């Protein structure tokens, strides 16, 4: 039992904190908000040079073989600076899906490119009718002469506009109809039949909704050997939720720090706001919830390689609890900044919106308490 | 980083498990399960204290020269967790966890030699004389006075919320020996024999129907000056040291997990008509369990810091606050799980020695009293409002 950081982990945290503080300033964020790409390729190159893009990739595939703790350290730092680079989509989700499902040839072709910063990915999985059910996919992949034909619609595709390749989930169909298995398909950006409605994402970065109309893909576009991809999707999404939880902790900590400072400086009725007990107690509650969120993010990271039920319970528990804490912390940060908190003139609003986005990604608190209850045998999913 | 315990620690865990299995009697276990108050009755609690003492585990937090087992923080964690899992009785924490550490830290060698072995063996049963009718959260305003008369103090005043004063043969108390400029000055820490003439005790029934706390009156009670711990007028420092122990007294998540499991088992049983099939109950069960997960992780973070010789910081207030709130959430869920059986009031005590057949199944008896008595969790040991004051000051630097 040891929860202290190793020397390497401490160094990683320090360099990430420093880089984020220097690079992701308020001005940078405002510029990025108007960028159609949503992030800076020059910074992405620096991420690669720092080794961050190689972090969780196996050494055999050009990576550093790190795990969920290291990812969490980076994500927390990213949260502090509202980083909008497609790290989650490309490294935490994309590379992990390739590593979980891909053939050796696919891993060799894709993973080193990610580590070098030469390839970005996006994951197109959610569908409107599915809400947050990972198993609900209506998009179909039909075997055709020499390849696959994809049809369907995807929503909330993070960083789709920036992606060189999009990993699209689809139900594999053959001549006799649906097989019941999910497959993951590599779709190159700009593939004929692929249309995208791109948008600026709440809280920073880009998202899009995709339509796939008879998108023709070669046979090797399917990741892996055609076995059901759902377990891998669940694994990767559970780990992504742990990573997002760490990012949310970084955002919440920044909101707490900023709000603390503000209540000390802002004077009304001849004394600082922080002299009022009602404010002090509110801040105590905020601090407590930030700390609870920190514990849950760490717990989800430590359980990232556990067996599926334990891993799922930890991930859903973390997502639900951190989501609940995040809403409270975000709303109180705005409240305690008074009218200024509701303006675009402070950064508070941007952090607030990123937490709102966090809460809904992969399902909100109600969904994940329900999943936790189902995985615990309390309700039937 | 990893969450697993070492092979030696696993072996220790097995040793604890084995010892509990051989020494915890079914009577003790049943009595503990059917006790709705915070503390076990002394006959049950002290039987367990004697069993622990026999093994050399009577005071896990004490240094080895005073009879402690010299455990690492991880061993203490494992011990507490196994005790919670097995449902052992509460021992007299006012002795082992409160006055014991103060005597070890600030008492004279004579006091240490006299009192400490009697706490370990269970010969003495302690109560805590802190709060007064006019001094609750503002403890330092206490007025019980000790006036020097030769080699004695003469004590006059009253203490309240005194847990198990009606069972205890000794009390440690904060008394005013001087009018200082600050109200914290002039307070002394004193050890009182409860059989001293002039002491009377009035029972106070709590809303759950239990007699656990009392008011104690002192009328010209003569206590030797030799019974004062440490310096005269420094009692506030010693008393605060103890309150830190009370707040940080270890590992609550394992106990809360067991309390939730008890409610969860009831919810899955026909006794409650399978309350768990109500999706709202099922969701709340998960919500509370996740809160316990977060608390456990925070406790493990503290443990890891202690293990590596770091200072965990001012987290004890933070933990106290969450523990009390989660306890209340568990007991509240319990009331909702048992539904209309909660209407039946059983005034007799203890539940494990009733002379009649109760109106509702025995295992449901403690549920409502636990909820009612449990309202005190956010009040005693520094109310939640006081804890938030402390967090604002100590954690946030406001």
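Any read-out appearing in this document is the output of simple, stated calculations on the displayed coordinates, not a laboratory observation. Here the structure is a predicted model, which is why all the values come from computation and not from measurement. Note: ideal-geometry Cβ built from the backbone for every residue, glycine included; neighbour counts use all protein chains shown.
For Cα pairs less than 8 Å apart in space and 6+ apart in sequence, what is the mean separation divided by the residue count of the stretch B:197-324, i.e. the relative contact order in percent?
Relative contact order of the stretch B:197-324: 19 percent.
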Sequence ranges A:96-106, B:322-332, ranked by mean other-Cβ count within 10 angstrom, highest first: B:322-332, A:96-106
MRE, 222 nm, helices only [DSSP H, n ≥ 4, -39500 (n - 2.57), over the protein assembly as shown, to nearest 500]: -14500 deg cm²/dmol
Beta bridge orientation in chain A: antiparallel %, DSSP, nearest 5: 80
Distance between the stretch A:277-309 and the stretch B:39-99 - C-alpha centres, whole angstrom: 30
Top of A:31, A:154, A:321 by mean-square fluctuation, Gaussian network on chain A, Cα under 10 Å: A:31
Distance from the stretch A:324-373 to the stretch B:261-330 (C-alpha centre basis), Å: 24
Peptide-level mean, for A:4-12, of C-beta atoms on other protein chains within 10 Å: 1
For the protein assembly as shown: rounded, prolate or oblate by the Cα gyration tensor [a/c cutoff 1.5]: prolate
Ranked B:127, A:208, criterion: other C-beta atoms within 10 Å, fewest first: A:208, B:127
Fluctuation leader among B:347, B:224, B:101 - chain B, Gaussian network, Cα springs under 10 angstrom: B:347
Shielding by partners, peptide A:347-353 (average Cβ within 10 angstrom, other chains): 0
Highest-MSF residue in chain B out of B:268, B:181, B:123 [GNM, Cα springs under 10 Å]: B:181
Bridge type composition, chain B - antiparallel percent by DSSP, nearest 5: 85
Where Rh is the Kirkwood radius over Cα pairs, Rg/Rh for the stretch A:49-162: 1.01
Nearest-ten-degree value, helix A:348-360 long axis tilted from longest Cα axis of chain A: 40
DSSP beta bridges in the stretch A:104-241 [antiparallel fraction, %, rounded to 5]: 80
Likely footprinting exposure, B:360, B:190, B:207, fewest C-beta neighbours within 10 Å first: B:207, B:360, B:190
Hull volume in cubic angstrom per residue (convex hull over the Cα atoms of the stretch B:125-233): 92
Exercise: per-residue mean of other protein chain Cβ atoms within 10 Å, B:300-310: 3
Helix axis angle, A:7-23 relative to chain A longest principal axis, alpha carbon, degrees: 80
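Regarding the stretch B:83-132, what is the average projected area of its C-alpha convex hull, in nm²?
4.6
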Acute angle (nearest 10 degrees) that the helix A:308-336 long axis makes with the longest principal axis of chain A, alpha-carbon atoms: 40
Cα centroid separation, the stretch A:146-168 to the stretch A:31-104 (Å): 19
